[in-house]
1. What number comes out for accessible area per residue over region B:157-293 if the probe is 1.4 Å? Units Å², please.
2. Quote the FRET efficiency, to the nearest 0.05, computed for residue A:56 versus residue A:96 with a Förster distance R0 of 35 Å and r equal to the Cβ-Cβ distance.
3. Take region A:34-184, compute every pairwise Cα distance, and split them into 5 Å bins from 0; I just need the percent in each bin.
4. Roughly how many whole Å is it from the C-alpha centroid of region B:241-285 to that of region B:179-211?
5. Compute, for region B:155-199, the length of the dipole vector about the Cα centre, with Cβ point charges of +1 (Lys, Arg) and -1 (Asp, Glu) only. Units Debye, rounded to 20.
6. Counting Lys +1, Arg +1, Asp -1, Glu -1, what net charge surrounds residue B:249 among other residues with beta carbon under 15 Å of its beta carbon?
7. Give me the one-decimal Kirkwood hydrodynamic radius in Å for region B:330-435, with the sum taken over alpha-carbon pairs.
8. Given B:316, B:333, B:378, which one lies farthest toward the positive end of the charge dipole of region B:311-384, if we put +1 on the Cβ of every Lys and Arg and -1 on the Cβ of every Asp and Glu?
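The values are calculated or read from the model by the stated rules, or taken from the named source; none is laboratory data. Since we're looking at a predicted model, the values are computed, not measured. Every residue, glycine among them, receives a Cβ derived from its backbone with ideal geometry; neighbour counts consider all protein chains shown. Please note that ligands, DNA and RNA were not included when accessible areas were found on the heavy atoms of the full protein model with its side chains. Shrake-Rupley method; radii C 1.70, N 1.55, O 1.52, S 1.80 Å.
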Amino acid sequence: MSTSTDNNASITQESGPSAAVQDIQKKIVVRTADGEVFNLKEEVAMEIDIIKTFFQEDSISYETVMPLPNVEGWEMVKVIEYCTKHVELKHKVDGYKERKAFQALFVQNLSTKSLLALTNTANYLEVKYLLDFLCQAVSEQIKNKDVDYVRELFGVENDFNDEEYEQVKAEAPWAHENLNNDLH
Amino acid sequence: MKWKPYRPRQRKLESREQVDRGRKKRQMGKLCKLSEEMVGQFLSRLPPKALMRFKCIHKSWYNLITSPSFIAKNLSNSKNNKFASTTRILFKRTVLKDIKDKNEIFYVLRDNNNDRRDIFLSLLDLCNDNDGDDQNLHSVVDDLIVPLPFSICPFSLQIAGHCDGLICLVNIVNEEVALCNPAIKEFKFLPRSSLLLPRRHPEDDDGIESDVNAVGFGYDSKTQDYKIVRVITYITGIAYTLPSKAEVYTLSSHSWREIKIDKECHVFWTPSFEIHFRGIYYWSALTYPTPGADKEAIFAFDMSEETFEEIPIPDGICARDGIIKFLAVWKESVALISCKGDGPKSFDIWVMDDSSGIKGSWTKHLVIGPIECEIPLVFWKSDELLLVISDGRVVSYHLGNKTIKYLPIHGVEDPQYIQAVVCVNSMISVKKTKG
């Protein structure tokens, strides 16, 4: 029995008593650094350039499990979540509000540190629109934070001595006022 | 190809602690390896205040933030931000200080008392998504006081163009011109030029006096430079008999240079008119098609070509008939807004069609109102117009719903002298770079 609802080439499946109507899109399998394995729908996997390149070059068989040593399981979950939504909204004419609502929910329970890690991952996986969105989200969260907070967040050591620091600070003392260091 | 179900290999199960430790170690390693490119990605989306502060974080961050390529990327993000949740507006308005009770306001204004009054450049971020009944349209106002004696009087201080976060201010009384980037609180006065003559002695009837007729600020995309153009008329005796001269100041050279002007047009300041759009600056002017006859028109300067042009306006829009005109940028075009003077105003919106390269062909697109207001200020969205109402407060009028929302901005001066522009954030410095 074959279904031809997808754009992908139709694949014939053995019909049988237990043949449920399955999603017959091809799946791509990846394994993250912590050993978790993910089955991605092909159209979602192709949104991730590093995966797309891996399978398209040298026509590597889809049965190969692609290792992603720089990606954590939880990050993969989030990336798949975002890309799946992106693909879904591609076909919608007016998905603006839905996208906005989704984006708000997406970042809701992530700490800024997690967002930072996820941004790095989006960069490594080469998903441009996700990278853009996450960079913007991180920027929104840090724009009113003070120097110490941001240093700690990025793991950056201070390489100014006291005098130099005061000098730089004096270039724009107003920029250090009226900040908000709420837990985020 | 037949589809086979995938069966994962059996793996030795790690303990929860081992998995967590491994993850933490990888995560720390990843963060520390945050490349300069990634840091740049975050920083380039930040507003100027944050950037000025984060210069203190690390020397490499300081160098990055102050580099020309970063400043350009930051500007580009500011202009093209699809994710932008807010639109930044800059207001020029007058605010009273040390006012103990309302009665004092009348006297301070009547006596033109400068000690009790400041002219502010106020930055306000308006929320882009404000559908529904969310009255909180805005966020924190950031005020920059315009220093005296430049700000000697509300009507004498005018915004003469803005571009890429830079604002040009002119004082029509003392002829000073300043360039400003309010987002990074930078202010610079331009040098006086040789075309400006010293004030003529009152007894000296034959002397020549210069008078600044028009000033405009904009961007030359060919040389990628910011420019200020100034037209100067010369008065001798009791009439203007000498031809006008013009000069241009460029940010790159920090100096004035004379240019040719072959049109005799007299610019008259009128509220909410002058704009810079796509490299052209527009003024309201009177042209003299035949001796003795004058005609209202638009006078324009092309920043790249450094040429002047007279642009006709639709027939019937004439101050003598009580019609007031304003110019604005609307839906990526130059729009002329006209209305009859008194009472609640209905605004006719005309759009200039310059697709044929010939300027001055206008099409009426829309009528909005009637709205009880003094003057329109600026379209901050294609369907939202900022207006000043009679008590000096600023509101946002929604073209579709015909509803108004109040902004936390007001000015005490005559409403026609309040100005507003849609601003982008930039880190562009107006000062001479050192070395």
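1. 44 Å²
2. About 0.65, to the nearest 0.05.
3. Calculated over all Cα pairs of region A:34-184, the distribution is 2, 7, 15, 17, 16, 12, 10, 8, 6, 4, 2, 1, 0 percent.
4. 14 Å
5. Charge dipole of region B:155-199: 140 debye, to the nearest 20.
6. Local net charge: +1.
7. Taking the inverse mean of 1/r over all distinct Cα pairs, region B:330-435 comes out at 15.7 Å.
8. Value computed over the given set: B:316.
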